[in-house]
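The values are calculated or read from the model by the stated rules, or taken from the named source; none is laboratory data. The shown structure was predicted, so the numbers you read here are calculated from the model rather than taken from an experiment. With ideal geometry, Cβ positions are generated from the backbone for all residues, glycine too; neighbour counts draw on all protein chains shown. Please note that ligands, DNA and RNA were not included when accessible areas were found on the heavy atoms of the full protein model with its side chains. Shrake-Rupley method; radii C 1.70, N 1.55, O 1.52, S 1.80 Å.
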Amino acid sequence: MLVSARSFDEYRAMFALTDRDLDQRILDCPGGAASFTAEAGRRGVDTVAVDPEYAHHREQLGVLAEREVRHKHADLVREAPNHVWTWFGDPERYTRLRTASARDFTADIAARPDRYVAGSLPHLPFATRSFDLVLSSHLLFSYGARLDEDFHLAALFELARVARREVRLFPVLLHSGTTRYGPLERVRERLAGDGVPSRLERVAYEFQPGGDEMLVLSCAGYRPPVRTGPPGPGDPVAGVVDPVRWRHREGA
């Protein structure tokens, strides 16, 4: 799976984020090497990124992402007709923006390491309803050919568990091509049956042809089941205070 370096502006477009949305506490899952948390922090937004890669080579992650972007530039130029360039303009701007984003991430994870938490789906190290809004891009649905339906359901319920208001997921297409994730409607029915209704919304962003929809989960009425037994890997420990909650906003 690729570790990407998407920018704050790209996130705003992918997830149709408004200024009101940015007044909320936000989780980016998985954060990868995106610069969303970095730029959001400079704007006073209380944002946390979580990714399994932060447990291993977090200091090198941005550099690796930058190298990957540059390495694949020739392929991107060759495959340009297979993409929609309305948002990026052309392959050169795509590479320039992704490179700048990777560098911004590298600087921010060094300056504010507590904003980048190691963790992975379907067990996140956060208490229930820790965030107002959860954003998740290019993992669920994108890798539907590799991650089975049970994993998707477990991951989606986990995202809903840590969200007070909404979870937004983009895109709903498989990683390669223009095919929508096959079990999407069945997954939505299962979520709705357990108190997590959802809707599809079109956004002003498209790179994969036809990939201009996000799935929005409404979590305000969701009551996750109480977990029994000892905590599993990545499970939050009862009674532990979130170590980064509001810290950035207080520091600003």
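Side notes on the structure shown:
- Carbon and sulfur %, accessible surface of the chain computed with the full protein complex present, 1.4 Å: 53 percent
- Under the Karplus curve 6.51 cos²θ - 1.76 cosθ + 1.60, θ = phi - 60°, whole-Hz ³J(HN,Hα) for the range 84-91, x wherever Gly or Pro sits: 9, 10, 4, 8, 7, x, 6, x
- Net charge of the neighbourhood of Phe207, taken over other residues with C-beta under 11 Å away and scored Lys/Arg +1, Asp/Glu -1, is -2.
- Lys72 paired with Arg199, simple spin-label distance in nm, labels 7 Å along Cα-to-beta-carbon: 3.3 nm
- Check: the range 32-164 dipole with +1 on Lys, Arg Cβ and -1 on Asp, Glu Cβ, in debye: 340 debye
- Here the relative contact order of the chain, from alpha carbon pairs under 8 Å that lie six or more residues apart, stands at 23 percent.
- Packing order of peptides 26-34, 64-72, highest average first: 26-34, 64-72 (average count of other Cβ atoms within 10 Å over each peptide's residues).
- The residues of the chain expose, per residue, 47 Å² of accessible area to a 1.4 Å probe.
- Across the alpha-carbon atoms of the chain, the computed radius of gyration and Dmax are 17.5, 53 angstrom.
- Segments 152-164, 112-124 sorted - mean Cβ within 10 Å per residue, highest first: 152-164, 112-124
- Listed peptides 11-21, 82-92 appear in the order 11-21, 82-92 once ranked by packing, highest mean of other Cβ atoms within 10 Å at the front.
- Simple spin-label estimate for Glu149 and Arg96 in nanometres, 7 Å along Cα-Cβ: 4.6 nm
- Considering only Gly41, Tyr143, Gly177, and ranking their Cα positions along the charge dipole of the chain that arises from unit charges at the beta-carbon of Lys, Arg, Asp and Glu, the one farthest toward the positive end is Gly41.
- Summed over qualifying helices (DSSP H, 4 residues or more, each -39500 (n - 2.57)) and divided by its residue number, the chain shows a 222 nm mean residue ellipticity of -10000 deg cm²/dmol.
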